[in-house]
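What follows is a short report on a single structure.
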Amino acid sequence: MQLESRLHMADQGMGHRLSAIRRQEKLSQEEMAERLQVSRSAYQYYERGERDLPGSLLLKVFQEFKADPLWVLEGDLEPGLSRREWNMARAYRKIGMAVEHRINDRGLTVPNEKKWNAIDFLFGEFLKADQLNKNDGGPDTQRIDSILGLVA
């Protein structure tokens, strides 16, 4: 879906986002309903926001149109930025700041390339399992220190 369409639909409901997908694909409501294997009247209820979109239909929207399911359900938090992208950017920033603080706290000299390699590695671990967070929600400084020990 083009960014311009997503920007206009950011503060609208799910029905408006379904409509945006349909218009982007240049489909009538009848054609959209056929692609999603629902009746036209059922599709119209979804597009008007009069019915909740079932998970099976959300999956079809993703399969047929490659529309981000989270965006279809929730829209954008900021223009052009889905909730998932926003959360990922926030996590990456949090990891980067924690690494930067540990470098400063320990008085290390780490070349920029190695620092970013460490951040990328830690972020990769974060994506696999939230290993960087302790129970209090703060970064695991011991894990950061062990990675910095490899690059410093």
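Nothing in this text is a laboratory measurement; each read-out follows from the coordinates by a stated rule. None of the values given here were measured: they were computed from a predicted structure.
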Compute the length gained on full extension between Arg93 and Lys66: take 0.36 nm times their separation in residues and subtract their Cα-Cα distance, giving the result in nm to one decimal.
7.0 nm
If the chain between Ser41 and Glu25 were fully extended at 0.36 nm per residue, the gain over the current Cα-Cα distance would be 3.8 nm
Residue by residue through region 23-33, the couplings from Karplus 6.51 cos²θ - 1.76 cosθ + 1.60 with θ = phi - 60°, in Hz, x for Gly and Pro, are 5, 4, 7, 6, 10, 7, 4, 4, 5, 5, 4
Partner lysines whose C-alpha sits under 28 Å from that of Lys128, ignoring same-chain residues fewer than 8 away, are Lys60, Lys66, Lys94, Lys114, Lys115
